[in-house]
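These notes concern the structure reproduced below.
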Amino acid sequence: MNIKLSINIVCLATAFLLLSFSDSAAKRAGSASASIQATARVVPSQGIAVSPVEVALPDEGSENDWWLWIPDNEDLQISIEADGRPVESQLLTDDRGLTGRSALERHRHNGLIPHRLSFDSLPEGTATCTVTLTNPSN
Amino acid sequence: MIVALAAIVLGRIPCKAQTPTGINDLTFGNVLPGVTKTISKRTAGAAAEYSVTGNAGDQVLIDFALPTHLKDNGNSLLITFTATDCAIDSSDPGDQSSPAWDDQDPRNTLSATLGSGGLIIWLGARTQPSALQTAGSYTAEIVLTVSPAGT
């Protein structure tokens, strides 16, 4: 009788320990985690800061080619004035006349993408342009 | 008796575990000092994306451990999450443009029910570099934890 009682006590104690273990194991087994990285690359403004700022446009070898490197940021709206007049700019970037995304991708550098300014709307020589960058989300 | 005990113990251990996996990093790309940049939860390839596999019909609780800053060599870059930055879908494949659970608040515990393809979870955010933000590559970890509902 005493032996049976002892066995039952041992079994009950074992059950208690197992149930305690199973509770903690259940919590570990029942939840799981995964992680990803949030990444951002802060690039220097390289002379072009948030609006307004004046930049001198160098001539890139052809009197028709005026290049301005604009930060690549989809949130930004860009307007450009030369000597107080609006200047058209285009994302036409390839020396061989290629346009569109492939040309853009090839010219991306340090977070900047080039804009080609319309020759007709620029004065000859070195002009001083005002680049206005606005962020609609601000 | 031992058999009975084993049955009791095993019966208490859930056998329908869900498995989350990180699919895509939250990628801001290039950001400028002083210019806020937002990544929408709808933007494939830029929004954070997780998948959760498990048994269809299982209800789960979803918790994020969200960073407040991205870090780079001791420098900090502010990152914020709003009440509508998370979306969850249970269709297969997940529909990022029209998810079943849209505009969810990732700062709270969320719940969803697994579909035949499990779940896909997207997360957007915004970063607010200061005007004097130091250039560099900033990173932070975003941890997603999935638990069975009711445990």
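Can you sort B:Trp122, B:Trp101 from fewest to most other Cβ atoms within 10 Å of each residue's own Cβ? List each step's numbers first, then the result.
Values: B:Trp122 27, B:Trp101 17.
Fewest-to-most Cβ neighbours within 10 Å comes out as B:Trp101, B:Trp122.
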Most mobile of B:Ile62, B:Ile121, B:Ile88 in a GNM of chain B (Cα contacts under 10 Å):
B:Ile62
Cut-off 10 angstrom, C-alpha nodes, Gaussian network model of chain B. Which of B:Ala100, B:Ala47, B:Ala83 fluctuates the most?
B:Ala83
What are the residues whose amide H is under 5 Å from the amide H of B:His69, where those residues sit 5 or more places off or on another chain and H is modelled from the backbone?
B:Ile79
Net charge around B:Cys86, counting only other residues with Cβ within less than 13 Å of its Cβ (Lys, Arg = +1; Asp, Glu = -1)?
-4
Just checking the output field for B:137-148: average partner chain Cβ neighbours within 10 Å of each residue's Cβ?
5
Work out, step by step, the length gained on full extension between B:Asp103 and B:Thr84: first 0.36 nm times the residue separation, then minus their alpha carbon distance; give nm to one decimal.
6.5 nm
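Any read-out appearing in this document is the output of simple, stated calculations on the displayed coordinates, not a laboratory observation. Everything numeric here is computed off the predicted structure, so don't read it as measured data. Ideal geometry is used to build each Cβ from the backbone, glycine not excepted, and the neighbour counts take in all protein chains shown.
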